[in-house]
Every structure is written in C-alpha cells, then in structure tokens.
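Encoded as structure tokens, the structure appears first; notes follow it.
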Amino acid sequence: MKKSLIALAVLAASGAAMAQSSVTLFGIVDATYAYGSGSVANKSQLTNSGYNASRLGFRGVEDLGGGMAASFWLEAGLNNDNGTGSVTNTNNQAATSTGGGLTFNRRSTVSLNGGFGEVRLGRDYTPQIWNLAVFDPLGTAGVGTSQTLNSSLGGPTTVRASNSIGYFLPGNLGGFYGQAQYYMGENNSNAANKKDGNGLALRAGYANGPINAAIAFSETKFLAGNIKAVNLGGSYDLGMAKIMAHYNQDKISGGNDGKGFLIGGLVPVGAGEVRLAYSTYKIDTVGADPRTNKLALGYVHNLSKRTALYATYARLSNKNGAAQALNGAVTGVNSNSNGYDFGISHSF
C-alpha cells in the first residue's frame, strides 16, 4: 500500500512537471528536380529545398510562472537528396564547418520570455534577412529566390549570425514589432582582425490588418572593410492577391556598393497559389556596374495542410559584365540563364 502511494505521488509530480513544459519535434522534407541552362553548361539534378528549406528541429518551452517562460530551439538543415547535413559558420567570418553531419546551422538558441519581450542567445537569423524573406513571394528557397539576396554583398551575416545576443519587443504593442541583435566574431584581442565578425543589427516594423512594413539596419566589422546594410519592405493584402516589395542596399567601406529591389505578389487559385516576382541587383564598381535581373514565376498546389506540389520557373539576364546562372548552370558574361524546379514538400 505504501509503495502504491509513493508511485502515485511520483506520477502526480511527473504530470505536473510535464504540464508546465513541452518539447516538439518538427521539420520539413522538400525534394526537388532542378534544371538550369546557360551559354557555357547546363545542369540537371535531384536536390532539395525548392519551396521550403529542408530541416529537422526540436523546440521546447517551460512555464516559469508569473508570465515568464524559458525556451530553446535547435534546427538543423538537411540535404535529403543525399542524406547529409548543412555547413555552419562558427565565427561570422569566411571559415565554415566542413558539414556532412548533422549541425544545428539554421538556429540554435535559448530564450527567456516575459512581459518585457524576449532575450535570445545563440545562432539565429539576423534582423537584416527578414525583410528580404518575408517580403519575397518566392521566399528564400529554390530557383526563384530574389537577386537582392542571391547577389547581396552583405557577407557571412546576411542570413544568420553565430554567438549572438538578441532582444525582441513584446507582441502586445498594437502591431508594432522590433528586434535588436549583437553578434561576435570571438577573435583574440591582440589579433589584427580582432573585430572581424562583430556586428550590430536593428529592425522595426508595423503589422495590422492587410498592412505589414518594416525597415532594418546592420553593420558587421571586418579588417577588409566593414559591411553596412539597410533594407525595407512591405506587403498589402488585397484579398484576391497580396502585393509585396522590398529594397536592399549593401555598402563595403573602401570597396564596392550594391543595391537592388523586388516587386511581386501572391495570388490564391483554388487549393493553390501563384507566385510572381521581378528582382534586380546592381554592383557599383569602377568602370562597370554589373547588374542581374530575374523574373520568377511559380505555382504551389496544396494537397493538404502539410503536403504541397510545386513548380517554379526563373530567367536571369546579365548586363555590364555580370555572369550569374541558375541551378548550377554556367553562363558567359552578359548571357542569360533559365532554371526550373519541380518538387514536393512535406512538413511535420
């Protein structure tokens, strides 16, 4: 009898603890047949992440009481076409991990949340990437990704930063939102590049009803030249379509500057959605200003809330010495490139 009472007490205590915390396994598996053509070489491949970036993640939250909570987020990129993991940048500089195994390169953070907002520590998305991602109808995956991101001079911290300390405003500010982030390259104080990889970034926006708009600034320090980025974007939901646009500018002190914009939209069609965007990016150099323009058109058909079929077409035109190509193809200077993605994406 006494043992039974002890067992019941343990179970009750365990249940109370579980009620206060939770852990979730989540992910996306996205397989893509991708084809690219160029004036020099074409390429055909089965790859991944044509619609959504493939990933495997774990996230959890614990209720601390008094309106406070602790949480964690571990998210790894997956190359499901060959079973490998993705590389990660450890110090916000040129060096990266060798990859191959599972690395939580997409996000690895621990947070403290409350009425004051959220303090987040670890590897995370930088504020400057959000306007390029949120206000791009084709997102940041696949052949349709905007040239404001693909051509960006923003360096290693364009998308994510390691060793970061972030702060997010609380979500009850009448539609206003914002974040600040400081990240470190973690070099020795007596090294010539002691500040390489150190940076500060800010983002502020407003979302209410059909309107969403935001602006972001960042500066990352490097011995070869600091990189400053500023971008802004917005969207308006008309009901029958959502219009999106953004502008991005990158400046390297003592080096080249780059700037570009995107305009596009999303149009619901039955169980699916048409995605359309035009983007351009120009790099200011001495004697030439190479520019790449992209037109992207895609359709996503939702088989369920978690599974979708998709097809995307994109065409690049290069000018003034640019030679970018799509889906691994190779094209000559001032030549065009075409690319196609056909795939299936499943989330869990």
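Just so you know, all these numbers are worked out from the coordinates, no wet-lab data involved. In this text, all values refer to a predicted model and were calculated from it rather than measured experimentally. Virtual Cβ from ideal backbone geometry, glycine too; neighbours counted across all protein chains shown.
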Environment charge of Ser347, counting only residues whose C-beta is closer than 11 Å and scoring Lys/Arg +1, Asp/Glu -1: +2
Per DSSP H run of n ≥ 4, the term is -39500 (n - 2.57); total these for the chain, divide by its residue number, and report the mean residue ellipticity at 222 nm rounded to 500 deg cm²/dmol. -2500 deg cm²/dmol
Local net charge near Phe26, Cβ-Cβ under 15 Å (Lys/Arg +1, Asp/Glu -1): +4
Determine the dipole magnitude for the chain: charges of +1 sit on the beta-carbon of Lys and Arg, -1 on that of Asp and Glu, nothing else is charged, the reference point is the Cα centre, and the result goes in debye to the nearest 20. 160 debye
Given a Förster distance of 30 Å, report the FRET efficiency between Ala191 and Leu121 from their Cβ-Cβ distance, rounded to the nearest 0.05. 0.80
Cα gyration tensor shape of the range 28-78, rounded if a/c is under 1.5, else prolate or oblate by comparing a/b with b/c: prolate
Contour minus Cα-Cα distance for Ile344 and Asn320 (0.36 nm per residue): 5.0 nm
Roughly how many nanometres apart are two label points built 7 Å out from the Cα toward the Cβ at Tyr278 and Asn334? 2.2 nm
Once phi for every residue in the range 78-87 is put through the Karplus expression 6.51 cos²θ - 1.76 cosθ + 1.60 (θ = phi - 60°), the whole-Hz ³J(HN,Hα) values, with Gly and Pro written as x, are 10, 9, 5, 6, 9, x, 8, x, 10, 6
In the neighborhood of Ile165, defined by Cβ-to-Cβ distances under 10 Å, what is the net charge if each Lys or Arg adds +1 and each Asp or Glu adds -1? 0
Looking at Leu121, Asn327, Ala229, which one has the Cα that reaches farthest to the positive end of the dipole of the range 26-347 (charges on Cβ: Lys, Arg +1; Asp, Glu -1)? Asn327
Can you work out the FRET efficiency for the pair Leu238 and Lys305, with r the C-beta to C-beta distance and R0 = 22 Å, to the nearest 0.05? 0.40
Exposed trypsin sites (Lys or Arg not before Pro) absent: longest stretch of the chain, with sites in DSSP loops and at most 12 other Cβ within 10 Å deemed exposed: 1-304
Give me the tail of P(r) for the range 26-347 as a percent: Cα-Cα pairs with distance above 32 Å. 30 percent
Residue-by-residue Karplus 3J(HN,Hα) for the range 36-49, coefficients 6.51, -1.76, 1.60, Hz, glycine and proline x: x, 10, x, 6, 9, 8, 9, 8, 10, 7, 9, 10, 9, 6
